[in-house]
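In what follows, a structure is listed as structure tokens, so that the remarks can point back to it.
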Amino acid sequence: MIYARPPIAAMKGYVPGAQPDPSQKYIKLNSNENPYPPSPRVKEILQRLNYDDLRIYPDPLALELREKLGRLYGFPANQIICGNGSDDILNIIIRTFAQPGEAIGFYEPTFPLYRVQGVIHGVQNLAVPLADPFDRPPAPPAQAKVFFLPNPNSPVGFMYPLSLVRSLARQVQGVFVVDEAYAEFSPENALGLVGEMENVIVTRTVSKSYSLAGVRLGYAIGSEPLIREMFKVKDPFNVNRLTQAVVAAALEDQDYFRKNIAAVAETREWFTAEARTLGYRIIPSQGNFVFPRPPEKGRGVRFFQSLFDRKVLTRFYDEEGLRDGVRMTIGTPEDMRITLQVMKDILKIF
Ligand code: PMP
């Protein structure tokens, strides 16, 4: 007897990156986590939190946090909504703006969760393939009620300039979502489009840029009428009390944030240059990860396995356009120095 709805029974579900026990001592480059700890202010706030308060539900509106985000980016709190990671935000977006049976759209390769969330909600997934090197996207399908553009792209890391994002957004009748999970690592972002166009939503996360993947906080910034509708759809207490306090503290430490981002970006540039010297092909990345491909095509699985056997954990995607390489998070300079040495050694056995 199959109890699940047919589309659920038929799908594989989203497969997150492996989270091995830390005692296994992998160089963990598979989930785009930040290699540096969060701001010391996070430690302080954790020590000061009143454990008795945990009896009480968190603020369902996460108002203090939204006001803080608003001051940081120049938006009123009513144009911001918070979620349990940006995963939650993406889910709220699909459920708010696409009726089951209608269409959502995205380019491929892309973040695989859009498709999975689309299947769960019973919408039609319109996947538009991008041809390598991915820099000339065709028009997005106009009938999409929601179109997702991760910018910088995941899992490859390329980034579309703002002028291109603007022209793509104009071609969609529905809601155009710029998923900026990695935008803090890049020089540009699309927040300015929110003021220009009523159908644009920008989504962000503290998972990567603030080293807080473990606390789960994502947010969306958009025009007030869109955000208002999303509030009706979100779970009432979708951002817990600890998360609200921790993220508020982390946001206050902008100096730490800037240094952290600069360190990751610097390592990314150095690593990219070195890996290319070894013969790996890498499209320039604006995220906290790169997508190296060995010189010969079709070697992604062997590349992944060879790295894994030498304790470097990366991510292989068994998908069109992605089978030549692996996605590799930028770790500390030491992590990446060891990884480069491994990449040099394994080139000999390819
Ligand atoms: N969007 C993209 C493009 C991502 O790569 C990720 C991270 N897996 C997310 C959204 C989700 O991030 P989080 O739920 O940790 O905020």
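The values are calculated or read from the model by the stated rules, or taken from the named source; none is laboratory data. These figures come from a predicted structure and were not determined experimentally. A quick note on method: Cβ atoms are made from the backbone with ideal geometry, for glycine too, and the neighbour counts reach across all protein chains shown. We work out accessible area using only protein heavy atoms, side chains counted, and drop any ligands, DNA or RNA first. Shrake-Rupley method; radii C 1.70, N 1.55, O 1.52, S 1.80 Å.
Couple of notes before you dig in:
- Scoring 274-281, 149-156 by mean Cβ neighbours within 10 Å over their residues and listing the highest first yields 149-156, 274-281.
- Ellipticity estimate at 222 nm from DSSP helix runs (n ≥ 4, -39,500 (n - 2.57)) divided over the chain, nearest 500: -11500 deg cm²/dmol
- Phi angles of region 50-59 translate, via the Karplus equation with coefficients 6.51, -1.76, 1.60 and θ = phi - 60°, into HN-Hα couplings of 8, 5, 5, 5, 5, 5, 9, 4, x, 4 Hz per residue; Gly and Pro are given as x.
- For the chain, a simple Cβ point-charge model (Lys and Arg +1, Asp and Glu -1, everything else neutral) yields a dipole of about 660 debye relative to the Cα centre.
- Each Lys and Arg adds +1 at its Cβ and each Asp and Glu adds -1 at its Cβ; summed about the Cα centre, region 178-259 shows a dipole of about 380 debye.
- Highest-MSF residue in the chain out of 108, 252, 319 [GNM, Cα springs under 10 Å]: 319
- Cα centroid separation, region 122-164 to region 42-69 (Å): 36
- Computed from label points 7 Å out along Cα-Cβ, the spacing between residue 337 and residue 36 is 1.8 nm.
- Accessible area of region 40-252 divided out per residue, in Å², using a probe of 1.4 angstrom: 41
- Accessible surface of region 26-138, 1.4 Å probe, proportion on carbon and sulfur as whole %: 53
- Karplus-derived 3J(HN,Hα) values for region 20-25, using 6.51 cos²θ - 1.76 cosθ + 1.60 with θ = phi - 60°, are x, 4, x, 5, 6, 6 Hz; glycine and proline are entered as x.
- Comparing 129, 185, 57 along the charge dipole axis of region 40-252, the residue lying farthest to the positive side is 57, per the Cβ-charge model.
- Considering only alpha-carbon pairs that sit under 8 angstrom and 6 or more positions apart, the relative contact order computed for the chain is 22 percent.
- Convex hull volume of the Cα atoms of region 40-252, normalised per residue: 114 Å³.
- Each label point was placed 7 Å from the Cα along the Cα-to-Cβ direction; for residue 73 and residue 162 their separation is 1.4 nm.
- Relative contact order computed over region 1-94 (Cα-Cα under 8 Å; 6+ residues apart), in percent: 12
- Within the accessible surface of region 142-292, defined with a 1.4 Å probe on protein heavy atoms only, the carbon and sulfur portion equals 53 percent.
- For the chain, modelled as a GNM whose springs connect Cα atoms under 10 angstrom apart, the maximal fluctuation among 77, 142, 18 occurs at 18.
- For region 211-350, the equivalent ellipsoid built from the Cα gyration tensor has semi-axes of 36, 19, 14 Å, listed from largest to smallest.
- When the P(r) of region 191-259 is calculated, the portion above 14 Å amounts to 66% of the C-alpha pairs.
- Model label points for residue 128 and residue 242, set 7 angstrom from Cα along the Cα-to-Cβ axis, are 4.2 nm apart.
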